[in-house]
Amino acid sequence: MSKDANKGELNIVLCDDNVNIIQEVKQLLSQISSKSNFDFWINAYTSSTELIKDLKTGRMDFHMIFLDIDMPENSGFDIAKIIASLDYDNYFLIFLTAYSNYVYEAIKLSPFRYIRKSHMDTELPEAIESALKIIERENEDEFIMLLTQNYIKKIAQKDIVYFELVDRKLIIHMKNTGTFIIRKTMKELYASCNPDNFAWINSGCIVNLRYVNKLENNTVLLDNGTQLYISRTRKVEFKKKFLSYWSDCV
């Protein structure tokens, strides 16, 4: 495959002991890539043992991995558990199977999708297109400027998990870089952010919808385990915004 300078790159790992399935997946991926903003670079394995060996080097670079569930040496579930135990993150896990009775066990491993081989021509393109929407959204270059007492700093909106007002101080909680205390009002900071990606949950807290795991009763649970209170007056509007946000990606 020749590289298109105007396209992004997506590294994909595929493991299935059936070479015919590998060829079918490759063909579908090629068709999708030709219509997308990404070039797909596919690393295919017919041996789960070889894949595990390469994974354990810690040097594999992939954004998406397709695993056949039923393989003779190691199942797709076995491989998924190994990946979870290693230092790999930010990837889409997709299971392939000829049997629907594995779905409940698959759910325990939190896959992005579970694709039936008998429906691959429809379910695989849908899964890829949904993943690409998420990737494109995460790659959006939206920044805000933070003015603190000591410096001015530019931060990416996608790295803000939530911000809250505590004792008249506005605290921004970041994905990987701790917290910032800034001199702005909640309304001013919210106005600086993309309103499609952020939502009020109470008068003193605004969350980034990309990090919301679920809404349960009066609590918003974030992906990092943080639990935040949502007021009754904000709940209806938050539900609408949360569902709208993720409906673009599923």
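Any read-out appearing in this document is the output of simple, stated calculations on the displayed coordinates, not a laboratory observation. Source: prediction; values computed, not measured. Positions of Cβ are generated from backbone atoms using ideal geometry, with glycine treated the same way; all protein chains shown enter the neighbour counts.
Sorted fewest first by neighbouring Cβ atoms within 10 angstrom, 134, 69 come out as 134, 69.
The stretch between residue 243 and residue 192 holds 16.1 nm of extra length on full extension. This uses 0.36 nm per residue minus the Cα-Cα distance. Within the shell of other residues whose beta carbon sits under 12 angstrom from the beta carbon of residue 204, the net charge comes to +2, with Lys and Arg scored +1 and Asp and Glu -1.
For the chain, the alpha carbon convex hull comes to 155 Å³ per residue, rounded to a whole number. With no solvent and one point on each alpha carbon, what is the Debye value of log10 I(q)/I(0) for the range 143-250 at q = 0.11, 0.17, 0.23 Å⁻¹? Cα-only, vacuum Debye calculation for the range 143-250: -0.32, -0.77, -1.40. Taking the 0 to 90 degree range and rounding to the nearest ten, how far is the long axis of helix 19-34 tilted relative to the main principal axis of the chain, both from C-alpha atoms? Around 40 degrees separate the two axes. How large is the helix-only mean residue ellipticity at 222 nm for the chain, computed as the sum of -39500 (n - 2.57) over DSSP H runs with n ≥ 4, divided by its residue count, in deg cm²/dmol to the nearest 500? It comes out at -10000 deg cm²/dmol, rounded to the nearest 500. All Cα-Cα distances of the range 8-138, cut into 10 Å bins from zero to the largest, leave 12, 48, 35, 4 percent in each bin in turn. For the chain, the longest principal axis of the C-alpha atoms and the axis of helix 232-247 are separated by about 30°.
Computed packing ranks the peptides 110-118, 60-68 as 60-68, 110-118, most packed first, by mean other Cβ atoms within 10 Å.
Between residue 112 and residue 231, the C-beta separation translates, for a Förster distance of 30 Å, into a calculated FRET efficiency of about 0.40.
Could you pull out the GluC sites (Glu not before Pro) across the range 85-194 that fall in loop regions by DSSP (anything but H, G, I, E, B) with no more than 16 other Cβ atoms inside 10 Å? Taking the range 85-194 and a limit of 16 other Cβ atoms within 10 Å, the loop GluC sites (Glu not before Pro) found are 140, 142.
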